[in-house]
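The values are calculated or read from the model by the stated rules, or taken from the named source; none is laboratory data. Keep in mind that what you see is a predicted model, and the values were worked out from it rather than measured. Note that we place each Cβ from the backbone using ideal geometry, even for glycine, and neighbour counts take in every protein chain shown. For the accessible areas, the whole protein counts, side chains as well, though only heavy atoms, and no ligand, DNA or RNA atoms are used. Shrake-Rupley method; radii C 1.70, N 1.55, O 1.52, S 1.80 Å.
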Amino acid sequence: MVAKAKCGYGIHNQNVSLAANSTEVELDSGDNLPTKPPKKMELRRELGLFSAVNLIVGVMIGSGIFVSPASALERSGSVGLCLIIWAVCGSISLLGALAFAELGTVVPRSGAEYAYFQEAYGGLHRFWGPLPSFICAWVYVVILRPAEVAVIILTFSEYVCQPFAYHMRHMPAESQEIVKKIIALLGLGLLTYINFISVKLYIHIQNIFGSCKLFACLVVIFGGLYELCIGNTENLTKGFEGSTTSPTNLALAFYSGLWAFDGWSTVTSVTEEVKRPEVNIPRSIIIAVPLVTTVYFMMNVAYMTVLTIPEMIAAPAVAVVFGDRILGVMNFIIPLGVALSTFGCALSIQFSVTRLCYVAGREGHMVEVFSYIHMKRLTPAPAVVTQGLLAFFFIIVGDITSLIDFASFLIWIFYGAAMVALILMRKTKKDIKRPYKVPLWIPVFIIFIALFLCFVPIITDPSPRYFFALLFIGIGMAIYAPLVYYRHRPQCMDKFTYFIQVLMEVVPSEQSMD
Amino acid sequence: MEMKGGKENPKEFTDGNIHLTQKESGDHLPDKSRGSKENGEPDDGADEKLVTGDGVVKTSKDASEVKFISIDSQNGDAKIDIENMKIAFAGMGKEELMKFAHDPFWVRLRWFLFIFFWLLWAAMLAGAIAIIVMAPKCAAPAPLKWWEQSPLYQVFLPAFKDGGEILGGTGDLKGFQSKLDYIKNLGVKGVALSSVLKVSADGSDEAVEDFQDVDPRYGTVAEFKALITSLKSKGLHMVLSLVPNHSSKKHPWFVKSERNDSQYKDYYVWSSGPPKYDSEGKPEPPNNWKSVVGGSAWEWSDMRKAFYLHQFSVDEPDLNFTNSFVIEEFKEIFKFWMDLGVSGLQLEKVEYLLEDSSRQDEVPRAPPGTTHDEYDFYNHARTVNQPGILGILAEWKEVIQNYTDGTRMLSVVGNLLVDSLVDQNSNISIAPVDLLHADREFSQLRNSFNASDLNKIIQKYLDKLPNDTRPTWELSTSLSSRVASRLSSDYVDALNMIAMLLPGTPITLYGEEIGMEDASGSVKHPARCVMSWSNATNAGFSEVPVPVYHTSKNYETVNVEAETAAAGSSLSVYRELVEARNTPSIMYGTREFAVIGNDTVFSFTRIKSGNPGYLVAFNTADKEVTVSFNKLKHVPEELNVLIKSSNFNSTGIKAKSKLNRDSVCLSARGALVATFVPKVE
C-alpha cells in the first residue's frame, strides 16, 4: 500500500521519502486514519435532490417574506397589481434560474457566476479575461455575502430576543443592542461551527430548518385561506383600486419584488457537491423556484386578506402582526419560524459562499489556503473560518445595510454577465454535451432585466454610494494586477500557509473532473 | 529532515513546469489543481493518507524548524523557477502535514482554540442571559388602568344638571344620572364627582358634618347607590372627591373633642399648654399662622380653653393627622364609599394635612400689596406640604388599592405636591398616589402666548415630575377660570389636543370639551357656571327661574345640543381625541417636541414602533403660517390629517386629506392632529 502510494507521486522524492519513512509508517497509520477505503482529498458530493431543493429554498426564503413584504405593495399601491408583480418576479427568477441550470451543466464546477466567467471570458485576454471572475469573487467573498450573513443573523437575533422582549423593554436601547449583537454572534459562531465541522451535519440541519421554515409559511397561508373561506374578502376585493401609474414606482416595486426572490442561483455555486449535478441541478431549480413563487404569492394573499394596506406598510414585521391577529396563543409560531428561517438562510449563504471562496482560492484568485480542505472532515475549513470572521467583523462594526445597498446592484450585473457567458459559450464550446438547453430568448431577456435592475436604483436614487461600489472594484483591480495577474506572492505567505495547514489540519484538495 | 523539505520542492517544481506548458496552450488559469487534474493522477493523493501517519513521530521543535529551513532552501535553490513555484501549491500534502500537525504543540493549540471557542461562546451566552435577567424589572407594560386610559371628567355636581325633584336650582344626583349617556358618548371612562358629603346647613361645601352620608341637597345614599349602578352598567367609573383636611365644627368628632372627650380630644389640632393673654385679657394665638381666608388660623374655644387650628374657615377645624386614629377613621370612610361602589377617591387640599409640630411662626415674605393679616403675606413652610403627608397618602392608597378587585384608585389634588415629591422622595419607588392633579401648568399661560411659552411650561412640568408619576394635564379647575374666558375660545381645541395626546392622563373640567366660557356676572369661582346643555332657559340646566349657579356667557351658541349637531365642533374634536387615546402610540408611545416657525408652531409626535405615529401641531400665532416638520425625526414626507380644530379654516385641509411634511399650512391659532407611518432611523 505504501509503496503504491509513493509510486504515483512525483519521481523526485519518491525514493527519499521511502527510505526516510517506511519504518515508521506502519506504526502510526492505524491510529490516525480512518480504516475506510482511502478517499481523495476533495469535497464530497453530499447534496441529493432534496437537499439541493432545500438549499435553494433556504437561501431564497430568508426573513424578507416574514418581515418586510410590504415594499412591493407600497410601491404598487393596490392589492391586485402587487400580486401580479409577485407572480411576474417569480417567473423572471425561474427563467434566470433555468439559464443558470444550463450553465451548471456546461461548467460543472462550483462557484456559479465565478466559474462561468472563468470558463467563458478567462481565455479571451491575458489580463482582462480572468478579471470579471476575480471581481465577482472579490465582491461576493469579501463584502456581499458576509455582510448578508451578518444582516440575516442580526434579524435572527432580533427574533430570538422576542420572547424576552418583556424582560428587555426597560433596558436602555444600547444594552438591548448589545444583547442582540451577542446573540447574533452566538448564532454566527454556531453556524460557522456547523459549516466547519461537517457537510453532512450542515445538510441535516438545513433540511430540518428548511422544513420548519416551509411549515411557518404554510401556517400563514392556511391562516389566510381560513380567513378567506369565512368570507373575509374585504381587503382583497379592492382589486386594482389605487394602482400606481408611475413607471418609477412600478420599477421600484419590481425591484423590491425581485430582491425577495434572490438566491435562485445558489445551487450552482455548489455544483461540485451535488450528486449527479446534470440531473439534480435542473430538477432542484424546477422544483424550488416555482415552490417559492407559490409560497410567496399565497403568503401575500394571506397577509392582504387579514391586514389592510396601511397596516402592512406600518408593521415592523408583517408576519408577526398577522400572527397576533389570527393565531391567538399560537402566535409564537411566527417569530420562531422567522428565527429558524433566518438561521437556516444564513447557514446556507455561508455554505455557498465558502464554496466560492474555495474555488477562487483553487484558481489562485484568493489566498490559496482557502482551497484547502480538512483532511478528515473534508470541509473547506479555512474558507469557512474566514467567512465566519468577516461576518463577525461586520456584526461588530454594525450599520451594514448601506454596505449591502451599494454592492447589491452588482449582483444583477453579475447575473447579466452570466447570461452573456451562456450565449458566448454556445459559440465557443459548441461541442460540450448539453443535456439541457434553454431557448435563446431566456438569457437575452434576463440580460435586459439585469440592465433594468442595475439602472433603476441609480436613476431613481442617484447617490454617491455607487461610486463606493466602483471604488471597491478599483481596490479589487489594484489587488488583481500584482497578486493575481503578475502572481507576486509575498514571502510570508508560505509561513502563513504552513501555519494554517498545521493549525487546521487542512491539505490541498485533489479535484478531479468526474 | 532537511531532505524532507527538499523532497517537497521538486514536486512543486514539477507541477510548476507542467503548468507552464499548459499556459502555452492558451489556458491562463494559474492553478495547480486543474493542472494535476488534467495530468490524470486521480488516486495517489488518497493513498498517501496511509503514509502520512509517520509524521507523528517527530518532535515539535523539529517540525517547525524543518519547514522554515525548507522554505529558505527553496528560495535559494530554485531562483529561476521561483515564480512558477509560487503559482503552484506551496501547501503540504496530507502525509507531510500529518507529521507536523500531530505534533503535541499543534494538537494542544488546536484543543486550546477549540475549547477557547466554546468557552467564549458559552461566556457570551451567559453574558446575554445575564444582561436579560439583570434587566430592570418594572410593572406590567400593558393594559392601562382605566384612569390612565381615559380622561378623568370632573363634574361639579351642583352646576351639572338639576334633577328637579329635591331642592330646585341645584344640580343633584338625579340630574347627573340623567346625563350619563352624554358622558358615555364622550368616550371617557372615569368621572370625578365633586364632594356630595353631608355638610352643615350654613357652612361651605367642605364643612362636612358626616363623612359617610350624602347631603340632602344632592340626594340620598340610596340614590347614590342607584347612580353607581347605572354608571357601572355604562362602563363608567366614579371617583368621589372629598377634603379630609377638616370637618365642620358641628361634626360629632369636634363636638366631643372640644369637650376634651378622652377618645376624641386629639382628633383636631389644639394648642397645648396654658395660653398667653394680651393686654385686654384675651388669649393670644400660639403663633402667627394665618388661615387661607385671612386672619389668624387659630380660634379660641371657651369650652376647652384652648385654640383650635383652622387653615380654612373658622367653622372648619383642621383634623389632626398626626393622630393615627384619625388616619384610621378615614380608612373606614374610604371603605364605606368603596362599599357603595365608587372606583376611587379624589382627595383635595392634601397639602394642608399636617403642620409643623414645633408650632414656630411662619416667615413673612411680604409681597407688595399684602398686609400682615393676610395669608399671602407669609410663606407657608410650616403649614403646607409637611413631611409625612406622603406617608399618610401611601397608607391610604394601600387600603384603596387592596380593596377587593384592585381597580380602585387614589387621586390627589394638591398643587404643591409635585415639588415635594421630587425633593423629598425622589428615590421612592412607588408613587404614593395614582393621579396627581396639576393645573398650575396651563394656568400660567397668558393670552397671546407663543409656542415656546407653551413648550417651556410643558417641559418644566415633565422635567420635575418623578419618573414613576403619571403626568396629568388639567386645563382648568372649578376653582379657576375656563380656557375660553381665561385665554380665548380659539385655544380650546388646540389645548384639548395637547392635553389628550401627551403622555399622561387628561383631567377635563365639565364644559371644557365644548368650550364653555365662564359664568356671566361676577362670582367667586367663575368656572362654576351651569353646564350649557342647550340654548334654552338656564342653558337647559334647570327649570327653576334662578338657579344657584349662573349660566355660561356663551351658552346660546356654545352648548351640547348645538355642538352635537355641528360637524367638526369642539365636542366632536374632543370625542375623536378620546378615541385616539386608545391607539398604542398614544397609550405607550414615546414623545418628541418641536417648536417651529419662529415660535409660532408648537408640535409634538407620539411614536410606538409598528403603529401609526401621531403629530399634533398648533399654530399659536394669529396669522396663517406654513411650516415644515422635518425637525421631528420620525415624521415622513406624507401626513394624513386626522383631526383639525374647529377654528381651522385653511381650505384644502380636511380630515383624511394628505399633507406634505415640508409645507403644512396652519391657519391662525389652528391646530391639527395628523397620523403617519413613522420613519425608521
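Select, from B:Glu561, B:Glu592, B:Glu543, B:Glu556, the only residue that is within 16 Å of the chain's Cα centre (by Cα), of a type in the set (Asp, Glu) and more than 20 Å from B:Arg669 (Cβ to Cβ).
That would be B:Glu592, the only listed residue that is within 16 Å of the chain's Cα centre (by Cα), of a type in the set (Asp, Glu) and more than 20 Å from B:Arg669 (Cβ to Cβ).
Do you know which residues across the stretch B:340-365 are assigned to a helix (DSSP H, G or I) and within 15 Å of B:Leu197 (Cβ to Cβ)?
B:Leu340
Report yes if B:Phe114 is open to solvent by 20 Å² or more (accessible area, probe 1.4 Å), within 13 Å of chain A (Cβ to nearest Cβ) and at pLDDT 80 or above, otherwise no.
It is true that B:Phe114 is open to solvent by 20 Å² or more (accessible area, probe 1.4 Å), within 13 Å of chain A (Cβ to nearest Cβ) and at pLDDT 80 or above.
Test each condition in (1) open to solvent by 40 Å² or more (accessible area, probe 1.4 Å); (2) modelled with pLDDT under 90 for B:Ser542 and report the one that comes out false.
Result: B:Ser542 passes all but (1).
If I ask for residues that are open to solvent by 10 Å² or more (accessible area, probe 1.4 Å) and either under 15 Å from B:Asp210 (Cβ atoms) or hydrophobic (A, V, I, L, M, F, W, C) (or both), which ones from the stretch B:265-281 would you list?
Residue satisfying the conditions is B:Trp270 alone.
So which residues in the stretch A:118-134 are among the aliphatic types (A, V, I, L, M), surrounded by fewer than 24 Cβ atoms within 10 Å (Cβ to Cβ) and outside any loop (DSSP other than H, G, I, E, B)?
Once the filter is applied, which keeps residues that are among the aliphatic types (A, V, I, L, M), surrounded by fewer than 24 Cβ atoms within 10 Å (Cβ to Cβ) and outside any loop (DSSP other than H, G, I, E, B), the stretch A:118-134 yields only A:Leu131.
Go through the stretch B:456-477 and report how many residues are outside any strand (DSSP E or B), open to solvent by less than 20 Å² (accessible area, probe 1.4 Å) and among the polar types (S, T, N, Q).
So the answer is 2.
For the condition modelled with pLDDT of 85 or more and open to solvent by 20 Å² or more (accessible area, probe 1.4 Å), what is the one hit in B:Glu316, B:Glu332?
Selected residue: B:Glu332, the only one of B:Glu316, B:Glu332 that is modelled with pLDDT of 85 or more and open to solvent by 20 Å² or more (accessible area, probe 1.4 Å).
Consider A:Leu55 carefully, then state whether it is more than 9 Å from chain B (Cβ to nearest Cβ), modelled with pLDDT of 75 or more, open to solvent by 10 Å² or more (accessible area, probe 1.4 Å) and not in a strand (DSSP E or B).
Taking the combined requirement at face value, the residue does not satisfy it.
Given the residues B:Val412, B:Val422, B:Val418, B:Val433, which is the only one that is under 24 Å from B:Leu475 (Cβ atoms), part of a loop (DSSP other than H, G, I, E, B) and modelled with pLDDT under 80?
Being under 24 Å from B:Leu475 (Cβ atoms), part of a loop (DSSP other than H, G, I, E, B) and modelled with pLDDT under 80 holds for just one of B:Val412, B:Val422, B:Val418, B:Val433, which is B:Val433.
Could you run through the stretch A:454-482 and say how many residues are among the small types (Gly, Ala, Ser) and within 28 Å of A:Ala253 (Cβ to Cβ)?
Final tally of qualifying residues: 2.
How many of the residues in the stretch B:572-585 are touching a strand residue (DSSP E or B) at 6+ places or on another chain (Cβ under 6 Å) and surrounded by fewer than 20 Cβ atoms within 10 Å (Cβ to Cβ)?
Final tally of qualifying residues: 1.
Among (1) of a type outside the set (A, V, I, L, M); (2) open to solvent by 10 Å² or more (accessible area, probe 1.4 Å); (3) part of a strand (DSSP E or B), which single condition is B:Lys623 missing?
The number of the failed condition is (3).
Please verify whether the stretch A:379-395 includes one or more residues that are within 14 Å of chain B (Cβ to nearest Cβ), touching a helix residue (DSSP H, G or I) at 6+ places or on another chain (Cβ under 7 Å) and in a loop (DSSP other than H, G, I, E, B).
There is at least one residue in the stretch A:379-395 that is within 14 Å of chain B (Cβ to nearest Cβ), touching a helix residue (DSSP H, G or I) at 6+ places or on another chain (Cβ under 7 Å) and in a loop (DSSP other than H, G, I, E, B).
Okay, residues lined up against (1) open to solvent by 40 Å² or more (accessible area, probe 1.4 Å); (2) more than 21 Å from A:Cys89 (Cα to Cα); (3) at pLDDT below 90:
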residue: A:Ile221; (1), (2), (3): no, no, no
residue: A:Cys229; (1), (2), (3): yes, yes, yes
residue: A:Asn235; (1), (2), (3): no, yes, yes
residue: A:Gly242; (1), (2), (3): yes, no, yes
residue: A:Thr245; (1), (2), (3): yes, no, yes
residue: A:Leu252; (1), (2), (3): no, no, yes
residue: A:Gly263; (1), (2), (3): no, no, yes
residue: A:Ser284; (1), (2), (3): no, no, no
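Please verify whether A:Tyr202 is under 15 Å from A:Gly344 (Cα atoms), within 14 Å of chain B (Cβ to nearest Cβ) and not polar (S, T, N, Q), treating the condition exactly as stated.
Criteria not met by A:Tyr202.
Go through A:Ala97, A:Ala115, A:Ala137, A:Ala87 for me and flag whichever is open to solvent by 10 Å² or more (accessible area, probe 1.4 Å) and modelled with pLDDT of 90 or more.
Result of the check over A:Ala97, A:Ala115, A:Ala137, A:Ala87: A:Ala87.
If A:Leu327 satisfies all but one of (1) open to solvent by 30 Å² or more (accessible area, probe 1.4 Å); (2) touching a residue at least 24 places away in the same chain (Cβ under 8 Å); (3) under 16 Å from A:Ser78 (Cα atoms), what's the number of the condition it fails?
All conditions pass for A:Leu327, except number (3).
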